[in-house]
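Structure first, then comments.
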Amino acid sequence: MIVRFLSILCVGVLVASAHNGEGNNDNEDIPYLELAEPDEGYHGLIRENETLVEVTPAIRARGPLCSFLILNNKHHGEAPFEIMVIDENEARLRVRYPLNCEKRRNYKFDIAAVGCDGSYSNTVPVHITVTDVNEFAPVFNQAAYVRSVDEGKVYDEIVRVEATDRDCTPRYGDVCKYEIENDGDRNQPFAIDNEGVIRNTEPLEYDKSHNHILSVVAYDCGMMPSAPVLVTIKVNKPCRAGWKGLAERVDYAPGTGPLALFPAARLEACSSDERCPGVTRIQAAVTLQASRAGVACDRDTYTLHAQRTVCGLDPKTVDLLPSPGVGNEWAKSLKPDSGRDGEQLFEFDGETSAVVPESILPHSLGSTFSVSTWLRHAPPPDHDKHRKEHVLCLADDHKMNRHHYALFVRNCRLILLLRRDFGEGDLNIFRPAEWRWKLPEVCDNEWHHYAINVRFPNVELYVDGEPYRGERGPEVIDDWPLHPAHGVNTTMVVGACWQGTESDMKHHLRGWLAGLGALPGAVQPATALRCAARCREGLSLAPDLYLKSVSVEGDSASEVETLVRRVAYGDARVFPTPGRRNVHLATTITCDNGRVIKARPAESYVMVLAPQTPTILLNGSADAARDYAHFRAGLPVFPDIRVRVLARSGDDIKEAETQKLDSCVVSVYPALNPDHEALALKSTPADDIRATLTRDGVSLTGADTVENYQQVLREIEYSNKKPAYYLNRVFKLTCSELNGRFTSNEYVQTLTVEHPRAASDTRALRPAGLADKMDVVREHTSNNIEPAVAMNVPRAFASHSQHSQHSAEIPAARVLDLHERHNSNNVAVVIGAVMAGAVVALVVVVAARVRAARPSPLARPSPRPRPLRANDTEMAWDDSALTITVNPMEEATECVVSPSRVCEDSSSAESCSDEDSDHHDSSDEEGEVMAGKQHKYRNISQLEWDNSTM
């Protein structure tokens, strides 16, 4: 050691002396290393399995050179290299023993040239890097891998394998690839990525294979494979957690009350499974999936007006979606779709809209009002967040497109717009003008009931009958009142909004509406809104509670079983919609170890059987005949109508006592002539029944008892001021229940006009009024009028005396002064003319008889006079000398009728011309007087006078 230390010390001294002489290349006796940049030194590379080092640049020296010397760096230790002199000026490096890159990759030392005289050159550093050789294969961290999976699940990661490589460089020391050896099985349902994550590509089945053994190989970046490692994947035997004892189908008979769906349910919770040693919590959810074209539950299918009675909605609520028809012509553009149970649903396809007349609903709702509707809406196909879809809108024709108030949907928000008029407060003060509710129900494509009660500035929203209690209230936007504008016309639209600038409808609704109603001046009671929106069918654990889903929880399977067995289906409606209701039961089991097991879902369905359809029967006396006086005064159309609702109870059919009707329609064809025909009600019906009288008949609507409807029907009166034009009038009556779901038979009532009898009829000698009274006497024996008394009273004939069933005698044509100033003297002039004509005719007849009494050779004996009839004795003359002979053919002579007065035989006055109606209307009474006189003189002409003494 001492010798070595001295040698190193001497070398150091020599190097120092060499450095002292550095740069003095003129001294040719001292060697030096040829190097352009001595500070950078030499760089060498050597593979760990090689012996020669590739040095750049080559080691060369000048001067009297005998050898090269390696000076070891004290910080890097002894370098395992030596220098070989190739010739007198060049040398090479080689290793003295094999290098190991994994142990040491870099070496650094200095070299110097030694002259023959013992002098040393300058020292230059040498940097040697040992390059790696891929001599090691990857090795897995574990000798084998074992994992367990559940049947039927697809995992993103089942197990992660990992291998390492001992090589020193990333090229050979990093693992770049993992691979599953197929061993001939190409259908292996597993895959592995470059990170060593193994997953299954399809659900595993215990019955097919309990274990899957995989052979996995790792590759370094030099693609040297590792020894394979075995990965065992065990498929656990499935825990058959689920329900047993559930019926696939449950039949429900309407009117039987709640029905338990799962009375024998049993739950297998897999408590014996090693994966779930104990149960902490069990949750079960029963859901009723009633898919129908209408709303999401089987609610009462009454109309909006009927719901006012059933649920107590304000009777002043205006229906803005009525059934198109008589009285609702403005709604003819709507597209109603009556469901199986009679609900009136209206589809709005982006083009449909209806303008509401101001006579239906005043355009000014005031500061207190309510709007309610059923709405089914889905997001727009193009997901346009700025598209407005109006349910109701009031706008004017001003060019500024001013919307006064509106209810619309935009970006899945329900928005109420309420702009104050310029006269309502200071124009410079902001007040709330727009309320926006972010509701998921608006875009879930399901039916929901929305109601907004406004007591400005307070606005309250009800969703499905319950007050909206969101975490965040509505977004309220303030605005100025509308600017002053005069002479503008407002337009109220359902399903769109009027744009004044384009004079067209814009912002159409795409969705479904039902039961849209507006109540100006008041708000709807909360209880009424809850009643109108509530379901009448559903699942429940208690009576009179109908829910779409029921969730139960328990700490053990027995507790949950007890609760599930109590879940019942019920429908409070007497006539529920028949059909299938699917029931879904989902269960989640939480184990002690935190494992969550989902039991197999159970599926069942409730089959609601068809109810015993009620039969609505209408009967009474189908025909009634009355004279002119009754028709003019008004007579009941259905005086003895009887309405019955029969329902089957087992094998018996009995009358339903608590049944209700919601509509009765009386129709007449052709339509009434408003000039002289009318239908009326003797008394005002109750608030629950709404009556509408038109030319086409009477419409009664509203849910009420059968007795009340029957009473109103009996009080319908028909009057006709000109019954002579008609033979009969036919009225048709139908009644319905649940908005037309059940209808009655068509009852036909015929009212026949009794025209006056012909003169040859024995009844014709009685006055018209007394004749009708005598008819009543025969039918009702309670009256003691003697028929003989009435037979001897001369009858005052009416203007139309009935000769046959299909003909009527019409008065002769007469000349009338049509000038307006003489209308008041028409009757007097006609009577005077008739009397003057009668006197002249009598004088002429008497003169002719006197002349005929003179002897003539051609005269023949007078015919034998006929005996007088009993009813002509008053007109007979007691003059045996006077004999008047009248042509018997005159009895058959008919009055000449003007063509303008001819009327066809019809049951309606519309068959006559308008000119005829005017003439008869102005002189109806006058014609009757003249007709009576004509009959009187006809009777006189029929008498045979004895003129033998004249």
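The values are calculated or read from the model by the stated rules, or taken from the named source; none is laboratory data. These numbers come from a predicted model, not from an experiment. FYI the Cβ positions are ideal-geometry reconstructions off the backbone, even for glycines, and counts take in every protein chain you see. Ligands, DNA and RNA are stripped out before the accessible areas are found, and what is left, the full protein with its side chains, is counted by its heavy atoms. Shrake-Rupley method; radii C 1.70, N 1.55, O 1.52, S 1.80 Å.
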Problem set entry | Flagged links, alpha-carbon separation over 21 Å, of Lys153/Lys234; Lys682/Lys721; Lys399/Lys438; Lys399/Lys506 | Lys399/Lys438
Problem set entry | Percent of C-alpha pairs per 10 Å bin, region 392-488, short to long | 14, 44, 29, 12, 1
Exercise. Over region 199-281, what percent of the accessible surface lies on carbon and sulfur atoms, probe 1.4 Å?
Worked result: 50 percent
Exercise. At a 1.4 Å probe, what is the % contribution of carbon and sulfur to the accessible area of region 311-384?
Worked result: 51 percent
Exercise. How large, in percent, is the carbon and sulfur part of the accessible surface of region 563-690 at a probe radius of 1.4 Å?
Worked result: 48 percent
Seminar exercise, completed: Per the Cα gyration tensor, region 190-239 corresponds to an equivalent ellipsoid with semi-axes, largest first in Å, of 27, 11, 7
Exercise. When only C-alpha pairs under 8 Å and at least 6 residues apart count, what is the relative contact order of region 92-185, in percent?
Worked result: 24 percent
Seminar exercise, completed: FRET efficiency (Glu559, Glu460; Cβ distance; R0 41 Å; to 0.05) is 0.50
Exercise. Put +1 on the Cβ of each Lys and Arg and -1 on the Cβ of each Asp and Glu in region 111-220; which of Gly173, Ser215, Gly152 then has its Cα farthest toward the positive end of the dipole?
Worked result: Gly173
Exercise. If the cut-off is a Cα-Cα distance under 18 Å, which lysines reach Lys108, setting aside same-chain residues fewer than 8 apart in sequence?
Worked result: Lys74
Problem set entry | Surface/4 estimate of mean projected area, convex hull on alpha-carbon atoms of region 561-679, nm² | 15.2 nm²
Seminar exercise, completed: Distribution output for region 43-95: share of Cα-Cα pairs per 5 Å bin in percent, first bin at 0, values 4, 18, 25, 25, 18, 7, 2, 0
Problem set entry | Solvent-accessible area per residue for region 627-758 (1.4 angstrom probe, square angstrom) | 45 Å²
Exercise. From the phi of every residue in region 432-448, what ³J(HN,Hα) in whole Hz does the Karplus formula 6.51 cos²θ - 1.76 cosθ + 1.60 yield, where θ is phi - 60° and glycine or proline is x?
Worked result: x, 9, 8, 10, 10, 10, 7, 10, x, 5, 5, 10, 9, 6, 10, 6, 9
Problem set entry | Rounded accessible area per residue of region 550-603, 1.4 Å, Å² | 45 Å²
Exercise. What does the highest-first list of 279-289, 587-597 look like by mean Cβ count within 10 Å?
Worked result: 279-289, 587-597
For this session: Please give the per residue accessible area of region 47-164, computed with a probe of 1.4 Å over protein heavy atoms only, in Å².
Result: 53 Å²
Seminar exercise, completed: Here region 460-584 gives, from Cα atoms, an Rg and Dmax in Å of 23.1, 76
Exercise. For region 499-563, what relative contact order do you get, as a whole percent, if you take Cα pairs closer than 8 Å and at least 6 residues apart?
Worked result: 13 percent
Exercise. Based on the mean of other beta carbon atoms within 10 Å per residue, what is the order of 691-703, 148-160, most packed first?
Worked result: 691-703, 148-160
Exercise. Label points 7 Å out from Cα along the Cβ direction at Leu842 and His127: separation in nm?
Worked result: 16.2 nm
Seminar exercise, completed: In Å, the C-alpha Rg and Dmax of region 596-741 are 21.6, 90
Problem set entry | Under-5 Å amide H pairs with Val356, H placed in peptide plane, nonlocal only | Met492, Val493, Val494
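May I ask you to order 399-409, 227-237, 463-473, 619-629 by the average number of other C-beta atoms within 10 Å around their residues, highest value first?
In decreasing order of mean packing, 399-409, 227-237, 463-473, 619-629 become 399-409, 227-237, 619-629, 463-473.
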For this session: Hey, can you grab everything whose amide H is under 5 Å from the amide H of Arg47? Only 5+ residues off in sequence or another chain; H modelled, so Pro and N-termini drop out.
Result: Thr131
